[in-house]
There are 4 protein chains.
Amino acid sequence: MHDITVNFFKEDDYSCDILIEGLPGVGQVGKLVAEHIIEELDAEKIAEIHSIFFPPQVLIDDLGITRLPNNEIYRYKGENLKIMFLVGDFQSSSPEGHYLLTDTYLNIAEKLGVKKIYTLGGYGVGHLIEDIRVLAAVNDEKLKEEVESAGAVFTNGEPGGGIIGTSGLLLGMGKNRDIDGICLMGETSGYLVDPKSSNCVLKVLSNLIGVEVDATKLKERADEMEHFVEKVKASEKASSEEELNYIG
Amino acid sequence: MHDITVNFFKEDDYSCDILIEGLPGVGQVGKLVAEHIIEELDAEKIAEIHSIFFPPQVLIDDLGITRLPNNEIYRYKGENLKIMFLVGDFQSSSPEGHYLLTDTYLNIAEKLGVKKIYTLGGYGVGHLIEDIRVLAAVNDEKLKEEVESAGAVFTNGEPGGGIIGTSGLLLGMGKNRDIDGICLMGETSGYLVDPKSSNCVLKVLSNLIGVEVDATKLKERADEMEHFVEKVKASEKASSEEELNYIG
Amino acid sequence: MHDITVNFFKEDDYSCDILIEGLPGVGQVGKLVAEHIIEELDAEKIAEIHSIFFPPQVLIDDLGITRLPNNEIYRYKGENLKIMFLVGDFQSSSPEGHYLLTDTYLNIAEKLGVKKIYTLGGYGVGHLIEDIRVLAAVNDEKLKEEVESAGAVFTNGEPGGGIIGTSGLLLGMGKNRDIDGICLMGETSGYLVDPKSSNCVLKVLSNLIGVEVDATKLKERADEMEHFVEKVKASEKASSEEELNYIG
Amino acid sequence: MHDITVNFFKEDDYSCDILIEGLPGVGQVGKLVAEHIIEELDAEKIAEIHSIFFPPQVLIDDLGITRLPNNEIYRYKGENLKIMFLVGDFQSSSPEGHYLLTDTYLNIAEKLGVKKIYTLGGYGVGHLIEDIRVLAAVNDEKLKEEVESAGAVFTNGEPGGGIIGTSGLLLGMGKNRDIDGICLMGETSGYLVDPKSSNCVLKVLSNLIGVEVDATKLKERADEMEHFVEKVKASEKASSEEELNYIG
């Protein structure tokens with residue numbers, strides 16, 4: 001048994017121009033964006049990755065059918081752009097596994113001809129947030145201008161602790177292979193799944209790659225979450241007023 | 001020294017039709033079932049598995065004799081059905097070890113000709129429970145009907161976190177080897193060893209494999225545990241009434 | 001660099017009849033016994049073991065000189081008995097390392113011709129204790145009689161959790177190599193280094209191996225520790241009486 | 001992918017006489033000293049070390065450019081002394097990695113001809129401290145005299161727990177390669193980055209290696225930190241007096 005197994009469903013010319021990564025993370029921001037684009041563009045699943053570095057369990061779908069946790073490669077072949085997507089259930093459960101898995105992702109990306117990587121994630125700020133900024137980091141200074149033009153911001157020293165996990169390593173280890181890398185991080189509370197933040201990241205990403213993606217479904221999910229948060233806030237306000245009545 | 005060592009006691013034709021797994025887990029539900037069947041059917045121990053992925057210790061029996069923790073393979077040869085059993089002291093102490101051990105179990109199962117795997121466990125609900133359901137998950141949709149006919153239920157999204165450990169991985173990794181897999185999980189509080197839940201799992205399993213197993217001993221253990229719980233409840237009630245007397 | 005390195009200081013015929021192990025553990029009971037015998041019998045250090053499984057640090061002696069943590073092999077050549085000793089600074093810092101290190105110890109023991117292993121440790125009971133029993137476990141039933149004759153006891157199911165670490169694994173893994181194994185565990189509080197418990201273990205061990213070892217130094221250390229404990233008790237009694245005076 | 005990758009920027013004769021190590025640690029004392037000397041002597045960066053044993057992330061600079069965490073080798077070629085420096089972002093995230101990384105550092109040092117190693121660190125005392133001592137440990141007794149002459153002290157049994165991490169292992173594992181090793185540890189509270197302690201270590205080190213290093217910048221940082229601490233103390237005193245006023 002290999003530590004990491006990559007299984008392409010068929011042999012084919014799967015050349016790609018760019019890689020978009022959206023694995024699970026803070027607020028599931030990156031995951032929501034990548035999975036939304038895959039659905040809207042009707043991208044094709046071309047490979048699965050299994051590994052002893054994922055948690056030792058199976059997942060169960062609504063029908064009661066089990067499957068191993070995995071990471072998946074999708075591919076979209078547009079007229080002007082061919083995209084490789086990396087999404088999945090988990091990131092590595094060990095520090096060393098993060099490095100070894102990312103090395104495998106980059107082997108695949110290189111094989112498919114990827115020249116540029118976009119990694120997507122959330123940036124937890126610890127409180128609910130109105131005006132969501134999309135923070136950016138790049139692995140080469142030449143990339144800054146296009147990223148800023150697309151609507152993301154570079155802030156001095158944020159995130160202070162760096163970018164943890166695959167989103168970070170793809171840029172760092174991609175640099176050693178001369179692959180350009182851009183990380184987009186939507187601000188988010190960090191407490192909830194955040195489709196609103198995802199929508200902001202999607203806008204910047206669309207600008208960057210020049211592909212229009214219908215955001216309706218993501219906006220609907222964002223509205224639902226907004227209503228949910230409003231209801232929770234209202235109910236909290238009600239209880240605290242009630243408490244005041246007791247006191248008064 | 002190998003990370004995992006499998007030691008068959010003798011060379012023989014140990015062909016088996018199915019594998020029943022009952023390693024330690026929530027409420028020891030699966031372990032009790034598998035060990036009960038092994039005892040009732042007088043199955044033969046045919047192999048032992050040692051591994052650096054088990055906790056680094058020895059166990060001591062009532063006579064003061066030590067032995068390494070292990071997993072054990074038993075075999076029952078009935079007229080119509082030959083069963084391989086997987087039981088033991090521990091599951092892996094590391095995430096990676098879970099994958100590597102399960103890979104070894106499947107190597108053995110394939111070698112013996114196993115076509116179907118039944119993994120047994122408990123599903124902790126966090127409170128004492130009267131009407132115990134047996135939840136099921138399968139690694140192929142075609143298996144659902146027989147499982148439901150046998151008395152288990154598929155509930156939408158339970159267990160939500162998936163199935164952790166060997167019981168899960170045998171289904172997930174078995175799928176990749178075209179081995180059918182059924183997991184049966186008896187509801188249990190999660191606080192106590194639960195022979196009553198085991199008895200419910202045993203019934204469903206007996207229906208599925210078409211083998212009658214005398215459940216008397218398991219029922220006796222369940223009754224003992226029931227009495228123990230009743231006594232604890234009564235004593236708790238007594239103390240709380242006493243407290244009320246003090247107050248009153 | 002190897003994960004484990006064994007360095008014999010010179011080539012020689014280091015044949016040994018038995019192995020006595022006293023690595024660090026509960027109350028340092030085993031360590032004190034083994035190191036005491038080494039000193040009294042003036043055993044010779046014949047090898048050092050280094051490993052990446054020991055904690056990543058150096059130790060500093062009273063002069064300020066550093067050295068890597070290690071395990072050490074000593075040898076005593078008596079007229080009737082040749083003894084291999086295993087002592088050292090640490091046990092493994094990972095579960096897997098425990099297995100791999102013990103495998104190495106057994107390779108050495110086998111090479112030197114060891115036929116019997118005595119592992120020494122403490123059994124933490126959680127409170128100060130007057131009449132110290134020496135509990136025993138063996139890896140073969142035939143060894144029980146001599147162990148009981150020598151003054152140790154087998155108690156039904158103690159220690160309940162088995163024997164953790166090298167003291168346990170040497171018996172379990174030694175069994176697979178047909179090496180007899182006896183573990184002696186002196187009862188101890190578990191809070192303090194316990195030379196008194198070590199002295200009890202020493203007596204039983206001396207009976208077993210038929211070697212007289214002057215226990216004076218160990219008794220002196222036990223007396224010192226006894227006085228220390230008495231002083232702490234007295235001071236605690238004084239403070240609690242004082243408190244009563246304040247209240248009274 | 002290798003567990004550890006060493007990348008020299010060009011092939012050259014990089015022979016060195018000594019190695020100065022200042023990786024992150026208590027109070028960043030060693031890191032500040034080594035980086036200060038590198039800057040003052042205008043040492044040249046000659047190699048980078050990447051490893052799966054470093055935390056799985058990238059770091060972001062002030063411009064928003066990412067880079068993998070690494071350890072770096074610098075070199076200074078003076079008239080009488082050629083120095084190899086080891087500095088970097090992190091130490092290993094696993095115990096085993098510490099050993100394997102240090103083995104790699106020593107391979108490089110040996111290749112460059114290093115005969116003596118100076119490792120620099122802080123010694124946390126748990127409280128703010130006025131008169132900072134520089135404690136020392138050496139891997140060979142013959143080194144004590146020069147270290148004491150240079151102003152460091154050997155104290156009986158400090159640090160009691162030994163020297164954790166690369167600073168310790170370079171001495172312990174260097175000894176096995178016949179490389180002399182001296183560890184200098186500046187006393188520090190352990191709560192703050194401590195350039196004042198670094199300055200004390202720098203003085204001792206300068207005496208030892210016979211190289212004058214302008215300490216102005218380090219002193220300025222120490223003064224800033226001193227003012228910061230004074231302000232915090234004053235503000236604490238003010239608040240506690242205010243509290244007294246309330247009470248009074």
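Structure data summary
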item	result
Nearest-first distances (nm) between copies at D:Asp178, label 7 Å from Cα via Cβ	4.5, 4.5, 6.3
When each of A:Lys144/D:Lys45; B:Lys115/B:Lys144; C:Lys111/C:Lys203 is checked by Cα-Cα distance, pairs over 19 Å	A:Lys144/D:Lys45; C:Lys111/C:Lys203
Residue pairs, from the table A:Lys31/A:Lys219; B:Lys217/C:Lys175; C:Lys10/C:Lys217; D:Lys142/D:Lys196; C:Lys77/C:Lys142; B:Lys82/C:Lys175, whose Cα atoms sit over 24 Å apart	B:Lys217/C:Lys175; C:Lys10/C:Lys217; D:Lys142/D:Lys196; C:Lys77/C:Lys142; B:Lys82/C:Lys175
Restricting the range B:45-125 to GluC sites (Glu not before Pro) in coil, as DSSP defines it, with at most 14 other Cβ within 10 Å	B:Glu79
Diffusion constant of the range B:113-188 at 25 °C, which comes from Stokes-Einstein with the Kirkwood Cα-pair radius and 0.890 mPa s, µm²/s	192
Chain B, closest residue to the rotation axis toward C, by beta-carbon, whole angstrom	B:Ser94, 6
Karplus-derived HN-Hα couplings along the range A:99-108 (A = 6.51, B = -1.76, C = 1.60, θ = phi - 60°), whole Hz, x at Gly and Pro	5, 5, 5, 4, 4, 5, 4, 6, 4, 5
Over the range A:72-147, equivalent-ellipsoid semi-axes from the Cα gyration tensor in Å	24, 20, 14
Distances in nm from C:Glu39 to the matching label points in the other copies, shortest first (labels 7 Å along Cα to Cβ)	5.1, 5.1, 7.3
Base-10 log of normalised Debye intensity for the range D:110-248 (one unit scatterer per alpha-carbon) at q = 0.13, 0.18, 0.20 Å⁻¹	-0.64, -1.04, -1.21
Threshold 10 Å² - residues in the range C:65-92 whose accessible area is reduced by that much or more when the chain is no longer isolated, probe 1.4 Å	C:Ile65, C:Thr66, C:Leu68
FRET E, pair B:Ala234, C:Glu130, Förster distance 41 Å, beta-carbon r, rounded to 0.05	0.60
Rg/Rh for chain B, where both radii come from Cα atoms and Rh is the Kirkwood radius	1.02
Cα-projected label distance for D:Thr5 with A:Glu110, points at 7 Å along beta-carbon direction, nm	0.8
Whole-Hz ³J(HN,Hα) from phi, Karplus 6.51 cos²θ - 1.76 cosθ + 1.60, for the range C:121-126, glycine and proline x	x, x, 10, x, 9, x
5 angstrom amide H check on A:Val153, placed H, neighbours 5+ away	A:Val134, A:Leu135, A:Ala136
Measure of compaction for the protein assembly as shown (Cα Rg per 2.2 N^0.38 Å)	1.09
Number of partner chain Cβ atoms within 10 Å, mean per residue of C:172-183	3
Average beta carbon contacts from partner chains per residue of C:147-156, 10 Å cutoff	2
Whole-percent carbon and sulfur share, accessible surface of the range A:97-219, 1.4 Å	47
Exam field: D:His227 pseudo-label spacings to other copies (7 Å along Cα-Cβ), nanometres	5.7, 5.7, 8.1
Rounded accessible area of A:Asp223 (nearest 10 Å², 1.4 Å probe)	90
In order through the range B:133-141: 3J(HN,Hα) via Karplus (6.51 cos²θ - 1.76 cosθ + 1.60), integer Hz, x for Gly, Pro	8, 9, 7, 9, 9, 9, 9, 7, 4
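The values are calculated or read from the model by the stated rules, or taken from the named source; none is laboratory data. What you see is a predicted model; the values in this text were computed from it and never measured. Please note: Cβ atoms are built from the backbone with ideal geometry, for glycine as well, and neighbour counts cover all protein chains shown. SASA here: full protein model, heavy atoms, side chains in, ligands and nucleic acids out. Shrake-Rupley method; radii C 1.70, N 1.55, O 1.52, S 1.80 Å.
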